[in-house]
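See below for the structure under consideration.
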Amino acid sequence: MRAPRLLGLLILALFVAVAAVSAQPGLPPGVKLPTVIKPGGGPGMPQVKPAPPPVKTPPTGQPAPGGKDSGTPGGGTGSSTGTPGFPGGGGAGAVEGPGKKKDPGNWPKEINGKTPEMIVKEMRTNSDPAAREAAVRTLPLFGPKGRAEGADDLVEVMNRDQDWNVRLAAVSVAPTVLYALADAPDTPLAQGLTAIVNLMVSENMNARYDAVNAIAAFGPYARNAQPKAISTLTTRAREFGSWQMRRAAAAALGAVGQGYPQGEPGKRVDPDSGAVTALLDVLKGDNCAAVRREAVNSLILMGPVASGQQKKWRSDLDFVIGKEKDKSVLLWTRVCVLRNDPGGVEKNKSHLDEVAKVLEAIEPGGRVEACQALALLGEEAKSKLQKLLDVIQNKDEKELVVA
């Protein structure tokens, strides 16, 4: 047996472990297991939780040790913890934020013979812009000490350096230095977020784009600390002249606008209604399939919307399902319904059937996405387990799909 097929069998063994409560009970009727897969997986088989929503990771600064990074479509997204009122970002590129004392760890005291103090001085005063940029990018490598020495100076560079490359380098590391390494909200964090929001309306296209990507890493904290964040991102999501800008803004709207748990177990802050509306508009009307795909990824990430918005949310998704021509966007719009509709899979079985049908698509990429979609739905999709097993046992199937 070829290695990828063996890998596929092992992966499906994990899937079966979730579907089977014990040895046999819990398996859907009619499922025919390959002889090498035993229900329950035997003693010590790890329990597999359903994967979080798919989301594309925008470029951000160096993640902090212990911070959570998001996955790719079909994989998992990161989540963060913090004190109530200061949610960590839980979406695209999100890292753990303020509200938790950072472990000083074993951060270097010198890099290439330079201390944090020397690096901070260099990024502010060196006459060579390439040297200043290199110093900016080195700052987060010092961890909490780098933040303590250089947070204020980093904000100054973001706002005032004469070279755009240096300023944008500062923007790229700001989520790490100002947010991920913060023990608590403070002045540099507030001023840095203000600078990023201001850059999102800059006349410089590169500045707008980099600022949009950077603010995504702050997650819901950004909308709590900067009321203009959602409205500014909405404007960028409608920027006619750049589909890449619209796609980045759609990803950021999902990260900044998502819902998050707060306080006692079971309590949750709903997704931002303005972000939800903006993403639905993008999904319904943008002429670029890649942008629409990013919008539906974000809508999945955000979780169930507030009760007062559910009727419009479902109506708009049904509209998209009825007219969308791109197969990938259509697939993930169905997943959004299955994942976040109050009726869940039980009340939307026709959409689950359509997702499973994509396992028979002509394009291997479509079949891979169908596998990812079923994995995302987890145990809720166990009625389609046999279809996945049939894919594994198909000797003509592409190795990537089997894996």
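The values are calculated or read from the model by the stated rules, or taken from the named source; none is laboratory data. These numbers come from a predicted model, not from an experiment. Here the Cβ positions follow ideal geometry from the backbone for every residue, glycine too, while neighbour counts run over all protein chains shown. In case anyone asks, the SASA skips ligands and DNA or RNA and just uses the protein heavy atoms, side chains included. Shrake-Rupley method; radii C 1.70, N 1.55, O 1.52, S 1.80 Å.
Values for this structure:
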read-out	value
Subset of region 290-320 (residues that are part of a helix (DSSP H, G or I), open to solvent by less than 30 Å² (accessible area, probe 1.4 Å) and among the aliphatic types (A, V, I, L, M))	Val291, Ala295, Val296, Leu299, Ile300, Leu301, Met302, Leu317, Val320
Qualifying residue in region 227-238 (condition: surrounded by fewer than 24 Cβ atoms within 10 Å (Cβ to Cβ), among the polar types (S, T, N, Q) and in a loop (DSSP other than H, G, I, E, B))	no
In region 249-289, the residues that are within 15 Å of the chain's Cα centre (by Cα) and either part of a loop (DSSP other than H, G, I, E, B) or of a type in the set (Lys, Arg) (or both)	Gln258, Gly259, Pro271
Cross-chain or 6+ apart pairs with Cβ under 6 Å, region 224-248 first and in contact (Cβ under 8 Å) with a residue 24 or more places away in the chain, then open to solvent by 30 Å² or more (accessible area, probe 1.4 Å) and in a loop (DSSP other than H, G, I, E, B)	Ile230/Asp272
Any hit, region 174-182, residues being touching an Asp or Glu at 6+ places or on another chain (Cβ under 6 Å), of a type outside the set (Ser, Thr, Tyr), free of Cβ contacts under 8 Å to residues at least 60 places away in the same chain and not in a loop (DSSP other than H, G, I, E, B)	no
Output for region 321-361, where each listed residue is part of a loop (DSSP other than H, G, I, E, B), in contact (Cβ under 8 Å) with a residue 24 or more places away in the chain and either open to solvent by 20 Å² or more (accessible area, probe 1.4 Å) or of a type outside the set (A, V, I, L, M) (or both)	Glu324, Asp326, Asp341, Pro342, Gly344, Ala361
Qualifying residue in region 193-203 (condition: under 26 Å from Val269 (Cβ atoms) and touching an Asp or Glu at 6+ places or on another chain (Cβ under 8 Å))	no
Number of the condition not met by Thr115 [criteria: (1) more than 28 Å from Met302 (Cβ to Cβ); (2) β-branched (Val, Ile, Thr); (3) in contact (Cβ under 8 Å) with a residue 24 or more places away in the chain; (4) surrounded by fewer than 20 Cβ atoms within 10 Å (Cβ to Cβ)]	(3)
Selection from region 381-403 of residues that are crowded, with 17+ Cβ neighbours inside 10 Å and among the acidic types (Asp, Glu)	Glu397
Test: residue in region 184-206 that is open to solvent by 10 Å² or more (accessible area, probe 1.4 Å), touching a residue at least 60 places away in the same chain (Cβ under 8 Å), out of contact with any Ser or Thr (no Cβ under 6 Å at 6 or more places or on another chain) and assigned to a helix (DSSP H, G or I)	no
Tally, over region 128-149, of residues that are under 18 Å from Asp103 (Cβ atoms) and either touching a His at 6+ places or on another chain (Cβ under 8 Å) or of a type in the set (A, V, I, L, M, F, W, C) (or both)	3
